[in-house]
Amino acid sequence: MTGYYGGIEAGGTKFNCIIAADPANILAEARFPTTTPDETLAQVIAWFRAAPVPLRAIGIGSFGPVDLNPASPTYGYITTTPKPGWQYTDLAGAVRRALNVPVAFDTDVNAAALGEWRWGAAQGLDTVLYITVGTGIGGGGMVGGRLLHGLLHPEMGHIRLPRDPQRDPFPGICPYHGDCFEGLCSGPALRVRWGQDPATLPQDHAAWALQAHYTALALVNYICVLSPQRIILGGGVMNNLFLFPLIRREVQALLNGYIVHPDLHEHIERYIVPPALGARAGVLGAVALAQRFFDASA
Ligand code: ZN
């Protein structure tokens, strides 16, 4: 019998929900705007209550910061988010109590990485990164087959990048760091920097060479620290697929031949890639989280 799982990709603008066994067996999908915790969670819970099949477990991949320490009293919470109204929201607990199913919880980017590892662009590998460049920038993944957690969880969007104020006087918009990666390259940063919706910037606009430059600087840092076998770049900004060749070329230029591997040279097009699950990477990743949790406790 096919076992079905719930997946929730909890984002700052919307909650994507799915009932599926795997990418080939999707029963239902829905999305709800992220308004207040009470309103959004009530919609999500009502939708899962009406599920046409019993669910073995629900996985949640959430925006953050989140508490991933099972021993902590605030495990499963969104914690210090700047998103108004969402500080210290008990996301996993609310879903578990209302629906009475086991709930697996992780960051949105770790979920997406797991989904890509299970069904997508990272199959067969054990050390991979998933970076999202959209409303915010975040990164997750696995090293040696384990999802990255650590002290809290990585915050790959907030690394500092060298910025030449002559070439780029924009100070960035991160409220904590100014010109960190997210402060320079998120969708909202592009909007402030260029004074228009980034979706309307033409392909030959100077925005994109700069975007590729900073993204490549970030990737080179991740490559040097974690030695990932593949890097998946998702998120709304990366829907501009023309960025991929620019980023790959710049990564090669920055590494300057120092790290020798065919995937960084003649095959870099298979090293820095879009998500194979497309826009469903996060929500199917949440299904993968649920499935793994169910299998581990069975
Ligand atoms: Zn920052």
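The values are calculated or read from the model by the stated rules, or taken from the named source; none is laboratory data. Small disclaimer: the values here were computed from a predicted structure and weren't measured. Don't worry about glycine lacking a Cβ; one is built from the backbone with ideal geometry, like all the others, and counts go over all protein chains shown. Protein only, heavy atoms only, side chains kept; ligands, DNA and RNA dropped before computing areas. Shrake-Rupley method; radii C 1.70, N 1.55, O 1.52, S 1.80 Å.
Of note:
- Alpha-carbon centroid distance for the pair segment 156-193 / segment 1-35, whole angstrom: 32
- Viscosity 0.890 mPa s, 25 °C: Kirkwood-radius Stokes-Einstein D of segment 121-274 over Cα pairs, µm²/s: 155
- Only helical runs count toward this figure. For the chain, summing -39,500 (n - 2.57) over DSSP H runs of n ≥ 4 and dividing by all residues gives -10500 deg cm²/dmol at 222 nm.
- Interchain or long-range residues, amide H under 5 Å from TYR130's placed H: GLY140, GLY141, ILE232
- Dipole magnitude of the chain, debye to nearest 20 (Cβ charges: Lys/Arg +1, Asp/Glu -1, about Cα centre): 260
- Semi-axes of the equivalent ellipsoid for the chain, computed as √(5λ) from the eigenvalues of its C-alpha gyration tensor and ordered from largest down, come to 32, 22, 17 Å.
- Three-way shape call for segment 35-142 based on the alpha-carbon gyration tensor, with the a/c threshold at 1.5: oblate
- For ALA28, distant residues with modelled amide H under 5 Å away: ILE19
- Rolling a 1.4 angstrom probe over segment 36-149 with all protein chains present gives an accessible area of which 53% lies on carbon and sulfur atoms.
- Backbone geometry of segment 62-73 corresponds, through the Karplus equation with coefficients 6.51, -1.76 and 1.60 at θ = phi - 60°, to 3J(HN,Hα) couplings of 10, 5, x, x, 10, 9, 10, 8, x, 8, 8, x Hz, x marking Gly and Pro.
- For the peptides 102-109, 161-168, 237-244, the ranking by mean Cβ contacts within 10 Å, running from highest to lowest, is 102-109, 237-244, 161-168.
- Segment 72-167 - accessible surface per residue (Å², probe 1.4 Å): 45
- Where Rh is the Kirkwood radius over Cα pairs, Rg/Rh for segment 115-155: 0.99
- Estimated at 0.36 nm per residue, the fully extended path between SER297 and THR13 surpasses their Cα-Cα distance by 99.0 nm.
- 3J(HN,Hα) couplings calculated from phi for segment 239-248 with the Karplus curve 6.51 cos²θ - 1.76 cosθ + 1.60 (θ = phi - 60°) are, in sequence order, 5, 6, 5, 5, 5, 4, x, 5, 5, 4 Hz; Gly and Pro show x.
- Between HIS177 and ILE45, full extension at 0.36 nm per residue minus the direct alpha carbon distance yields a gain of 43.9 nm.
- Amide H contacts under 5 Å for CYS180, placed H, 5+ residues apart: CYS174
- The phi torsions of segment 208-222, fed into the Karplus equation with coefficients 6.51, -1.76 and 1.60 and a -60° offset, translate into couplings of 7, 5, 5, 4, 5, 4, 5, 4, 5, 4, 5, 4, 4, 5, 5 Hz, rounded to whole numbers, with Gly and Pro shown as x.
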